[in-house]
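One structure is given below, encoded as structure tokens.
Every number in this text was worked out from the coordinates using simple rules, so none of it is lab data. These numbers were taken from a predicted model, which means no experiment stands behind them. Here the Cβ positions follow ideal geometry from the backbone for every residue, glycine too, while neighbour counts run over all protein chains shown.
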Amino acid sequence: MLKRLLAMPACAALVIMGVATATSGQAAAPVATTTTTTTVVFSVHPRTLEGASLILEARKKREAEKEKLRQERVAREAEERAAREAAESEARRQAEAEENARIAQVLADEAARKAKRDARYAARKARSGRH
């Protein structure tokens with residue numbers, strides 16, 4: 001990245017903690033330093049600053065658009081989740097209603113079977129003459 005900065009036209013760079021400097025796009029000689037920290041200070045032509053501000057504006061627009069798309073996606077997923085949960089709830093309610101109807105039918109059939117059995121028992125008692 002330092003090489004790119006130093007190679008830019010109308011750019012002056014000064015390497016702090018080193019010895020080499022470059023101006024107007026001249027490449028700097030490699031700097032041998034004993035420290036691992038290197039700070040680069042540079043000034044940029046005003047037209048380049050305008051370009052940078054345009055880049056920043058475009059970046060802000062892209063980030064705003066990404067955030068808008070993310071919010072739309074989150075809202076859409078929330079709507080889909082709510083619709084899916086409502087459908088699942090309705091399906092559970094319907095299944096429960098069907099189960100209750102089946103249980104009611106089984107109980108009604110059992111009651112009818114017991115009533116027939118009791119009627120047969122009563123008829124048999126009446127035929128034999130016992131009360």
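Other residues whose C-beta falls under 12 angstrom from the C-beta of LEU69 contribute a net charge of +2, scoring Lys and Arg +1 and Asp and Glu -1.
The Cβ shell under 14 Å around ARG117 holds other residues with a net charge of +3, Lys and Arg each +1, Asp and Glu each -1.
Net charge in the neighbourhood of VAL106 (other residues with Cβ under 14 Å of its Cβ; Lys, Arg +1, Asp, Glu -1) is -1.
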